Every structure is written in structure tokens, then in C-alpha cells.
1. Count, please, the residues in segment 114-143 that happen to be outside any strand (DSSP E or B) and either of a type outside the set (Gly, Ala, Ser) or closer than 20 Å to Pro190 by Cα (or both).
2. Hey, does segment 60-71 have a residue that's without any contact (Cβ under 8 Å) to a residue 12 or more places away in the chain, of a type in the set (Asp, Glu) and at negative phi?
3. Suppose we filter Val94, Val8 for residues that are buried (at least 21 other Cβ atoms within 10 Å of the Cβ), under 14 Å from the mean Cα position of the chain (by Cα) and closer than 20 Å to Asp132 by Cβ; which single one remains?
4. Out of the residues in segment 54-88 meeting the condition of being in a strand (DSSP E or B) and of a type outside the set (A, V, I, L, M, F, W, C), tell me which one is nearest to ligand 2 (Cβ to nearest atom).
5. Which one is surrounded by the most Cβ atoms within 10 Å (Cβ to Cβ) among residues in segment 216-227 that are touching a Phe, Trp or Tyr at 6+ places or on another chain (Cβ under 8 Å) and not in a loop (DSSP other than H, G, I, E, B)?
6. Provide a single number: the residues in segment 144-191 that are closer than 25 Å to Lys105 by Cα and not in a loop (DSSP other than H, G, I, E, B).
7. Go through segment 202-215 and give me each residue that's more than 18 Å from the chain's Cα centre (by Cα) and either in a loop (DSSP other than H, G, I, E, B) or touching a residue at least 24 places away in the same chain (Cβ under 8 Å) (or both).
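Every number in this text was worked out from the coordinates using simple rules, so none of it is lab data. What you see is a predicted model, and the numbers here were worked out from it, not measured in a lab. All Cβ positions, even for glycine, are placed from backbone atoms using ideal geometry, and neighbour counts span all protein chains on display.
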Amino acid sequence: MKFTFRGVRGSIPVAGSHTARYGGNSSCVEIRANEGPPLILDCGTGVRASGMEFLRDRVQHVEVLFTHFHMDHLFGFPFFGPLYSPSSSINVRVPAASGIDAQNKLSRYLNGIYHPLRLRDIPADLSFEGLDLDQEFEVGPYKIKTIALNHPGGSCGYRVDADGSSVLYLTDTAPMTTPDEGITANKKPPELERKLLEAMTEADAVIMDTMFSFDEYLERMTWGHAYPEYAVKLCELMGAKSLYLFHHAPDASDDSLDELGAYWAEYDELPVFLARENDTIDLSK
Ligand SMILES: [Zn+2]
Ligand SMILES: [Zn+2]
């Protein structure tokens, strides 16, 4: 199994010379197993690049999973090329009570006001499924588990297993507790943190929202974003093999991300990398 970062930015896409190296597109990760359809995790502006590639390669079927519908994870959806191809089929899964509920949520954006395209006019064969938190299901070669995250309005993390390897996509989320509780205080984790830890067991790669530094987190604890030390602690407790810091702040310049990367490159206990747009990680190697 391989995954490619198509958009690594949080909150808003940021174009400009100061984000040229890590990329300015907002959240989107593309997963490809050896066989079966590609999986798209979130449709931030980065999904446009996946769409162009899928059209070029004549990919017929795509599976899309959303963590939540904040705009930085949704804005690219109507710019996903296969939507405009009548021969494409796209199945969209969203944390929602039902497929109809999932469809209704998306049609509030694609209703002709915020974008000229209306959901009902999409030429591709589009289907919807609602997801529960803490649910396990299979799609082609992928075994997928949903995980409740800690974010205003809710967010759904995913563990994806295929071809004997595993990757977790954990965005957007604050730590599950304040720093004086749970694993950050070396205390017993509450239920949500315990479930998150369990899902991370021996993962090959963890992609996690670390938009804040610890000090920024202390100032904005209710904003729903985490910091690198928390992600590192989760990974170490559960034997995860690598961590990718993700959902970079709009103000994080390439130079400041280089500094963050250099700091964590010195860390011996766990390989910690920065997510960078268009980097592909091959977990079979
Ligand atoms: Zn976000
Ligand atoms: Zn969000």
C-alpha cells in the first residue's frame, strides 16, 4: 500500500513563495493498494491533483472518505475531475446517520449558491454512505476502522489496512484530554483516548494533525488541533512505526517547517517526518 499527500495545509489553502516546498493545498491524502480502487481521504484543494491523475489513468471507480465537512476538507470536491465523467463511479462515505443524511450534508454546499455545480447535476455515478464512529468495514482490498476525534462539530479518524500494512489518518483533532489528564499526565486514558490508542496499535504510519506547538495549543485548547509531542506520545505507547506531522498552519512557512523537521529528525525513539505535498510513501518497502 502507498499513500500520497495531495494537500497538507490546515484551515485554508495558502498559495505563495513561502509555501512552495511543502505545498499550499488543503487536506487530502490519496491511498492506493496493489489492487482495487484508490481511496481519497478528504477533499481539500489537494484533491484536484488526484482527479487529474485518475482521469489520465482512466480510473473508473474511486472511494472517498471525509473526516468532517469544514471547508479546508471539502472545498476541492467540486474540482475533482472524475465527477464530470459519466463513466466514473464515486462512492462517498461521511460520518452521518445514513446515506441520505450524508448526501444532504454535501448538497448544502453544492446547491448552486456556493458553487455553480449542484449535487444532483453531477454527471458521474455518485453514491453515498453514512458512517458511524467506531465502525469497521471493508472496501475492496481495504479494511477500514472509524475513530472518534476531538474537534468542534466532530471529526472522524480512519485506520486503513491493506496489503499487510496500515496507515492512520487522524485529522482534525485536539488531544483527547487537557494536559493534566490522560496519557499526557501519565494517567489512565479516558474512553475516547483508549479507543484512539487501540486503533493505533503497531501502525506502519500515522498521519496526524499537529497544527499547533504545545504553547499554541495551551492558548487554543478548544480549537480542535493537536501538537507534535502528543502525536509522538500516542505513537510510542502503541508501537506505531512512523509519524507524519500534518495539517500545517497557514502561517507555517517552508523555513519554519524545515526547522520543525530538523528538530524531530534528531529524535531517536520514533521516525517523525513532515507531510509534504506530492510525497508518496510506499509502505511495502
Ligand atoms: Zn482542517
Ligand atoms: Zn476542522
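1. Residues that pass the stated criteria total 14.
2. no
3. After ruling out the rest, the residue left standing is Val94.
4. Glu63
5. Tyr217
6. 13
7. If the condition is that a residue be more than 18 Å from the chain's Cα centre (by Cα) and either in a loop (DSSP other than H, G, I, E, B) or touching a residue at least 24 places away in the same chain (Cβ under 8 Å) (or both), then Glu202, Ser213 are the ones that fit.
Matching residues to (1) within 16 Å of ligand 2 (Cβ to nearest atom); (2) not aliphatic (A, V, I, L, M):
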residue: Glu191; (1), (2): no, yes
residue: Glu202; (1), (2): no, yes
residue: Arg220; (1), (2): yes, yes
residue: Ala226; (1), (2): yes, no
residue: Leu234; (1), (2): no, no
residue: Ala240; (1), (2): no, no
